[in-house]
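*Asks:* Have a look at this one.
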Amino acid sequence: MDVVRIRGGRRLAGTVEIGGAKNACLPIFSACLLTAEPVTIRNVPDLSDVRFMADILERLGATVERLDPHTWRITAAQVATRAPYDLVRKMRASVCLMGPMVARMKRAEVSLPGGCVIGPRPIDLHLKGLSKLNCGVEIEAGYVKLDGSRMRGGEVFLGGRHGSTVTGTANILMAAVLTPGRTRIDSAACEPEVVDLCRLLISMGAKIEGVGSHAIHIEGVEALHGADYSVLHDRIEAGTYLLAGAITHSDITVKGAQAEHMAAFLDKLSEAGLVFEIVDAATIRVRGDQSDLRPVDVITLPHPGFPTDLQAQTCALLALIPGLSIVTERVYPNRFMHVPELGRMGADISIEGPSAVIKGGRPLSGAPVMASDLRASAALILAGLAASGETWVQRIYHLDRGYEKFDEKLASLGADVARLSDTEMPKDLSVEA
Ligand code: EPU
């Protein structure tokens, strides 16, 4: 297994390029099941989650071609009706196969995905939404069994205790575009990734109004056609590099950072005293070298609020800023697995209910740490960039699910970051040994 070794304390410089958005790509790949014609998808990040999704589509009967590292063509002339547990358990996002499978095949059996380290992730809203489209929904032996033979448009409310649901909105959208009649989704998620999915569906011939709002109207059509589509940039990857600039007091330029998708995050960085310049619609230059940072309170919320997917990385930065910061997680109240690991590096953070209380300003020192999920891995690497000595991040397969070449991109900015085999790690540091 690979590990990442970071030797902290280096300033970064230069330009980094952001890839396509993972969380747009996964539902977009599953949307290819909605047509028998080829769909070409560009600006696809080279990530293990994308490769998982491609494997799943292939196992479901689609022809999947990788035309170059970032371009895929998917032709779903036939689609199986069962997505088994051995496929779905590898990646939660495969729940968004339900909508397209039942819309296209009129029946589907999709395994329930199981647990997740970031906390409970129910799919009750997905199932409620499908049943509002008159889809039969049963849970049996770990599978959701869907009967779409009598589906018709309906009114679906997707608000839950923690706001709307991103993949749930994607699922209902994908089901509704091929369902006869008019569907209205209220309290729809309005994340840029949902907007991107809508744009792809429209380019395939779907009729959708209210894109980007909480009220989406869909008029079902009989069939969709092929398309050629380029995925939007990843706002979470972009935000992570802006934080890398801030945490290392560096001047770096992030190309592919679209400020219009990052308003709450940028507003918070600005409140914290970070100097940055919006160079153009897709470029931000961060001037960590000119910034005098102060503590801030952060509350994660569904878009356009502060994204939960940047919470862990932001905690790493706040741990270094002298003073008290409180980070409250409203989307996944238990998503704090990075906190004990940051503590091992010297951060003073305690958890009080859904909040992390950060007494910032203590210097961090390198340590062997364990990645528990994708964003936690990124947070530990950011902390390692600012820590003295060596940080060894283990279980970095989590990182590869969502950051393309994170180690190489940081190294190209001048960071001392290397991906090594765990056999190269000092034995007394490894917990895998
Ligand atoms: N929820 C319910 N019932 C449901 C669905 C969701 O109660 O039926 C709750 C969840 O438990 C959570 C909240 O609603 O408390 C939001 O969950 P949502 O369904 O929006 O999350 P998701 O669609 O499963 C996507 C991203 C996550 C990201 C969240 C929130 C993808 C593939 N995943 O998950 O990304 O954190 O939205 O923005 O799009 C990541 O990239 O690291 C990641 C975890």
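*Asks:* Count, please, the residues in segment 3-25 that happen to be crowded, with 17+ Cβ neighbours inside 10 Å and away from the ligand (no atom under 16 Å from the Cβ).
*Replies:* Number of matching residues: 9.
*Asks:* For segment 94-117, enumerate the residues that are hydrophobic (A, V, I, L, M, F, W, C), surrounded by fewer than 24 Cβ atoms within 10 Å (Cβ to Cβ) and either near the ligand (Cβ under 7 Å from one of its atoms) or over 15 Å from the mean Cα position of the chain (by Cα) (or both).
*Replies:* Selection gives MET105, LEU112.
*Asks:* Tally up the residues in segment 337-387 that are in a helix (DSSP H, G or I) and either charged (D, E, K, R) or over 22 Å from ALA415 (Cβ atoms) (or both), please.
*Replies:* Residues flagged as in a helix (DSSP H, G or I) and either charged (D, E, K, R) or over 22 Å from ALA415 (Cβ atoms) (or both) within segment 337-387 amount to 6.
*Asks:* Now a separate question. Which of (1) surrounded by fewer than 24 Cβ atoms within 10 Å (Cβ to Cβ); (2) out of contact with any Lys or Arg (no Cβ under 7 Å at 6 or more places or on another chain) does GLU155 not meet, given it meets every other one?
*Replies:* Going through (1) surrounded by fewer than 24 Cβ atoms within 10 Å (Cβ to Cβ); (2) out of contact with any Lys or Arg (no Cβ under 7 Å at 6 or more places or on another chain) one by one, GLU155 breaks only (2).
*Asks:* Look through VAL50, VAL44 and report the one residue that is within 16 Å of the ligand (Cβ to nearest atom) and either at pLDDT below 95 or assigned to a loop (DSSP other than H, G, I, E, B) (or both).
*Replies:* VAL44 is the lone residue from the list that is within 16 Å of the ligand (Cβ to nearest atom) and either at pLDDT below 95 or assigned to a loop (DSSP other than H, G, I, E, B) (or both).
*Asks:* With a cut-off of at least 2 residues that are more than 30 Å from ALA215 (Cβ to Cβ) and in the same structural domain as GLU191 (by TED's automatic domain parsing), name the helices (runs of 4 or more DSSP H) lying wholly within segment 64-166.
*Replies:* 85-88
*Asks:* Among the residues in segment 212-219, are any free of Cβ contacts under 8 Å to residues at least 40 places away in the same chain, away from the ligand (no atom under 16 Å from the Cβ) and surrounded by fewer than 16 Cβ atoms within 10 Å (Cβ to Cβ)?
*Replies:* Scanning segment 212-219, I find at least one residue that is free of Cβ contacts under 8 Å to residues at least 40 places away in the same chain, away from the ligand (no atom under 16 Å from the Cβ) and surrounded by fewer than 16 Cβ atoms within 10 Å (Cβ to Cβ), so the answer is yes.
*Asks:* Away from the ligand (no atom under 16 Å from the Cβ) and at pLDDT 95 or above - does that describe any residue in segment 158-174?
*Replies:* No, segment 158-174 contains no residue that is away from the ligand (no atom under 16 Å from the Cβ) and at pLDDT 95 or above.
*Asks:* Further, regarding this structure: How many residues are buried (at least 21 other Cβ atoms within 10 Å of the Cβ), touching a strand residue (DSSP E or B) at 6+ places or on another chain (Cβ under 7 Å) and not in a loop (DSSP other than H, G, I, E, B) when one looks only at segment 316-336?
*Replies:* Looking only at that region, the number is 4.
The values are calculated or read from the model by the stated rules, or taken from the named source; none is laboratory data. Please read these numbers as outputs of a predicted model, since none were measured by experiment. Backbone-built Cβ (ideal geometry, glycine too); neighbour counts: all protein chains shown.
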